[in-house]
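Trainee: Structure in structure tokens, see below.
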Amino acid sequence: MQRILVVGVTGAGKSTLARTLSGRLGLPYHEMDALYFDGPDWATNDSFSEDVSALAAGPRWIIDSLGYPEVRDLLWNRADTVVWLDYPKRVIMPRVLRRSLRRTVTREALFGGNRETWRDWLSREHPAWWAWSQHGTRHREVRRRIHDPRFAPLDTLRFGHPDETSAWLASL
């Protein structure tokens, strides 16, 4: 495990797991959303594809994302391991709701200095709406990719519940 993608739906715990793995394995961790969003009003990074390409060319890394569409194949072609947090909605939704509530109440600064607001909760782009609406789509996309012959060399670890992930981490 030298080039790891941690994948799953919003709220699964990808960033938390990637940070933990980074510390245990000594791999540089890169937060995909921090690379993508680089300014106020959720402005996006104009050199995003080039930045991700440079990171992916490196020999060792961990990234907490399936990958935005413009870099998805690049990441999957360079990774050697995929850790899939394939948790059901009953696990995901309480997590994403608690996280978003905390971020909204505390005005926690996120990527590019942005913050979640109460008004954002009404948007289909809000993490809670996104996690709910994209759960099945994301599951099918990851499943399709792990069965795609192009990505057959990848070592895929699929966890269906946080207890399984915790047990695996304890075994490292």
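Trainee: Tell me which residues, restricted to region 106-118, are at positive phi and assigned to a loop (DSSP other than H, G, I, E, B).
Mentor: Hit for region 106-118 is 107, nothing else.
Trainee: Here is a further query. Every residue in region 134-172 that is open to solvent by less than 60 Å² (accessible area, probe 1.4 Å), outside any loop (DSSP other than H, G, I, E, B) and more than 13 Å from residue 12 (Cβ to Cβ), please.
Mentor: Our first condition is that a residue be open to solvent by less than 60 Å² (accessible area, probe 1.4 Å); within region 134-172, this holds for 134-136, 138-139, 141-142, 145-146, 148, 151, 154, 156-157, 159-160, 162, 165, 168-169.
Checking which are outside any loop (DSSP other than H, G, I, E, B) leaves us with 134-136, 138-139, 141-142, 145-146, 151, 156-157, 159, 162, 165, 168-169.
Of everything in region 134-172, those that are open to solvent by less than 60 Å² (accessible area, probe 1.4 Å), outside any loop (DSSP other than H, G, I, E, B) and more than 13 Å from residue 12 (Cβ to Cβ) turn out to be 136, 141, 145, 146, 151, 156, 157, 168, 169.
Trainee: From the list 77, 45, which residue is touching a helix residue (DSSP H, G or I) at 6+ places or on another chain (Cβ under 8 Å) and closer than 29 Å to residue 166 by Cα?
Mentor: Criteria check complete, one pass: 77.
Trainee: Now for a separate question. Go through region 110-133 and count every residue that is within 18 Å of residue 33 (Cα to Cα) and either open to solvent by 60 Å² or more (accessible area, probe 1.4 Å) or in contact with a Cys (Cβ under 8 Å, 6 or more places away or on another chain) (or both).
Mentor: 5
The values are calculated or read from the model by the stated rules, or taken from the named source; none is laboratory data. Quick caveat: nothing in here was measured; it's all calculated off a predicted structure. Every residue, glycine as well, gets a Cβ built from its backbone with ideal geometry; the counts of neighbours run over all protein chains shown. All accessible areas refer to the heavy atoms of the entire protein, side chains included, with ligands and DNA or RNA removed. Shrake-Rupley method; radii C 1.70, N 1.55, O 1.52, S 1.80 Å.
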